[in-house]
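The values are calculated or read from the model by the stated rules, or taken from the named source; none is laboratory data. Note that the structure is predicted; figures quoted are calculated from it, not measured. So basically every Cβ, Gly included, is an ideal-geometry build from the backbone, and we count neighbours across all protein chains shown. Protein only, heavy atoms only, side chains kept; ligands, DNA and RNA dropped before computing areas. Shrake-Rupley method; radii C 1.70, N 1.55, O 1.52, S 1.80 Å.
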Amino acid sequence: MDNRPIGIFDSGLGGLTVVKEVMKQLKNESIIYFGDTARVPYGNKSKATITKFSAQIIRFLLTKNVKAVIIACNTVNSNCALELHELFPDLIIEGVVRPGVTMAIRETKNGRIGVIGTEGTIKSGRYTALLKENHPEYVIYSKACPLFVPLVEDGWINSDVTKMVIAKYLKDLLSKNIDTLILGCTHYPILCNDIQEVVGERIKLINPANETAHKMGMRLLNENMQSTTSPTYQFYVSDQKAHMQDMASMFLGYSASNVIEVDIENY
Ligand code: DGL
């Protein structure tokens, strides 16, 4: 038994898609969320910069006594997971990329898989490498969709403009006969209705958050570190706390009235 919270972080609002699944699946677990809203996006930044940002965030989360951390950011996960494991060797750290790969393998029938994410995630080639490691015969098509993150951060959900941008980015992928599309950025599931409308029902969308929460639950169970109390949820950001408050309430259906701003450069 371990009643300490789980730390979850992202560059901004995207990690709320993981928070939502953890709240749903791990009902006793408390959460400390950090969204780096002052420095979003991470997707176009160098590996050295996002490693430094992520290490600051983990150091901050450790001051909140977290028992484990979920990197709810594909860009960080696919570029600096190794460095973060080396910097924090005793901390349980789970990411979103392997769970996304597990789900895609489970779902695909024809082995033709699309991956969309930030420039940083797609350039890392991490999804393709892990999918091919398990199934060399798979055909993987990937595409960076950098405008999706600002659209989500600005709340452009269910809008014609967003659907036009989605259609433009996904035009080529849609001609490749894929049956599965990995939403390889935690912001993208917030647009999942818009994306599904554009790609059609025949393509299965993969939101790695689902398997990520499951995997964290199994890890805590195996280590005998599950919480037994009723949970608390605390949200921190590096800027614009009112916006996080609104988005968390809208997206999680949870009144996040207690969002706190942190000067993350101090960690
Ligand atoms: N939501 C993050 C990801 O999964 C980062 C998006 C960004 O900051 O560019 O990649």
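Every listed requirement among (1) open to solvent by less than 10 Å² (accessible area, probe 1.4 Å); (2) farther than 27 Å from I203 by Cα; (3) of a type outside the set (S, T, N, Q) is met by P89 save one, (1).
Looking across the range 161-194, the residues that are of a type in the set (V, I, T) and out of contact with any Lys or Arg (no Cβ under 9 Å at 6 or more places or on another chain) come down to V161, T162, V165, I166, I182, T186, I190. Apart from one condition, T212 fits all of (1) within 15 Å of the ligand (Cβ to nearest atom); (2) farther than 27 Å from R98 by Cα; (3) of a type outside the set (A, V, I, L, M); the exception is (2).
Evaluation of T108 against the conditions (1) crowded, with 21+ Cβ neighbours inside 10 Å; (2) touching a Ser or Thr at 6+ places or on another chain (Cβ under 8 Å) shows that the sole unmet condition is (1).
With respect to G117, is the statement that it is touching a helix residue (DSSP H, G or I) at 6+ places or on another chain (Cβ under 9 Å) and open to solvent by 20 Å² or more (accessible area, probe 1.4 Å) true?
Considered against the rule, which asks whether it is touching a helix residue (DSSP H, G or I) at 6+ places or on another chain (Cβ under 9 Å) and open to solvent by 20 Å² or more (accessible area, probe 1.4 Å), G117 comes out as no.
Restricting V40, V76 to residues that are open to solvent by less than 10 Å² (accessible area, probe 1.4 Å) and within 15 Å of the ligand (Cβ to nearest atom) narrows the list to V76. Listed by position, the strands (runs of 3 or more DSSP E) inside the range 168-267 whose residues that are over 21 Å from P5 (Cα atoms) and under 16 Å from the mean Cα position of the chain (by Cα) number at least 1 are 180-183, 204-206.
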